[in-house]
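Take a look at the structure set out below.
Just so it is clear, none of the values below were taken in a lab; they were calculated from the coordinates. Predicted, not measured: the structure shown is a model, and the values here were computed from it. For neighbour counting, all protein chains shown are included, and Cβ atoms are generated from backbone atoms with ideal geometry for every residue, glycine included.
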Amino acid sequence: MFMNYGISTACLYPLKTEDAFLFLAQNGVKDIEIFFNSISELNDDFLNKILEIKEKYNVNIPAVHPFSSFAETYMLFSQYERRFEDTFEYYKNYYKAAKILGARFVSLHGHKVNGDLDINTYAQRYKKMFLAAKEYGVTLNQENVVNHTSGELKNLLILKDLLKENFSVTFDIKQCIRAKQDVFECIKKLGGLISHIHISDNNENNDCMLIGEGNFDFKKFVEALNNINYNGKLVLEVYRNAYKNPANLVENYKNYSH
C-alpha cells in the first residue's frame, strides 16, 4: 500500500534533533515532524538552524512535539494551580517555535489515567492552552496516548462534547492499539477532529513497525480517512528499535511513500 507520508525526527532518537532533521531532508523526505528534545532547542538560534535546512531542502514541517510530554500530568494537570499557570506560560515557547517553523500543530499527551483531575477540569485547562496556541496561529492537538485520559475513545468523545470547536486531535495508530481501541471506530467517530496522524505498522507481536513489515490494513485505513475527508498529513513515528540502521528507515520510506 503506497501513501504520501512524512517522518518524525523522533524515529532517529537519540540522534540530535538538527542532525535527524538534516538526515531526513537530505534523503528526500518532504514532510518532517520535529520532536524537540531539550530546552535549548526552543531558542531562536536553534530554530534558525532548522529553518536554514528547511529552506535549503524545501521541506515542510507539519507539526512539532514537546519533549516535556512525559511530565504533563504533573506540570499541567495536577491540583497545584500555580504549577499549571507557570507551565502554561512555558508552553508558549512551543507555540512560538511552531509558528517560526511554519508548523500547524503542537501535540499534547496530557493527563495520565491515575492523575487527580476530573475530565471537566482537564477540559478547562486544555481549552485555555488551545486558545493560547491559537494566538500564535497554531493548533494544540490532543494526542491519543495509552494510559492517559486521551487513550480511550470514550474520553475523547467527552472532550469533544465539552470543548466543541476548541478541540483537535493527533491520532496515533500504535497508541490506539496499545490502548486496545479499535483504530477504525476511532477514526469514524472522531471524524473531522483528526487533523494530524502518526502512522506505523504492526502485527500480533509488535505494535511499532516500519510500513509494510506488519499486517495492518492500510488500504482500509486510507478508505477510512477518505470517508472523513481527511486532508492532513501522515507522519511515520516509530522507535529506534524498529529498524537496524537509518538507511533501513530511508529505504522503507522510499519503498512505501509516493
### Task
At a Cα cut-off below 23 Å, give the lysines reachable from residue 154, other chains included and same-chain residues fewer than 8 away excluded.
112, 127, 128, 164, 174, 180, 188, 189, 220
### Task
Using Cα positions and a limit of under 18 Å, work out the aspartates and glutamates in reach of residue 49, with same-chain residues fewer than 8 apart set aside.
18, 19, 31, 33, 41
## Note on the structure
Mean separation of Cα contacts under 8 Å (at least 6 apart) over the residue count of the chain, i.e. the relative contact order in percent, is 20
### Query
With Cβ to Cβ distances under 12 Å as the rule, what net charge do the other residues near residue 163 carry (K, R +1; D, E -1)?
+3
### Message
Less than 17 Å apart at the alpha-carbon level, and either on another chain or at least 8 residues along: which aspartates and glutamates does that give for residue 160?
### Response
118, 143, 152, 185
## Note on the structure
With residue 129 itself left out, Lys, Arg at +1 and Asp, Glu at -1 over residues whose Cβ is under 12 Å from its Cβ give +1
## Note on the structure
Among 236, 108, 131, the residue with the largest mean-square fluctuation in a Gaussian network model of the chain built from Cα contacts under 10 Å is 131
### Task
Could you line up 172, 207 from fewest to most neighbouring Cβ atoms inside 10 Å?
207, 172
#### Entry: residue 60-residue 3 pseudo-label distance in nm [points 7 Å out on the Cα-to-Cβ vector]
1.5
### Task
Place +1 on the Cβ of every Lys and Arg and -1 on the Cβ of every Asp and Glu in the chain, take the dipole about the Cα centre, and give the residue among 169, 102, 226 whose Cα lies farthest towards its positive end.
226
### Message
What is the sum of charges, Lys and Arg at +1 and Asp and Glu at -1, for the other residues whose Cβ falls under 12 Å from the Cβ of residue 153?
### Response
+2
### Message
For a quick check: with amide H placed at 1.01 Å from N, whose amide H comes under 5 Å from residue 211's, ignoring anything fewer than 5 positions away on the same chain?
### Response
201
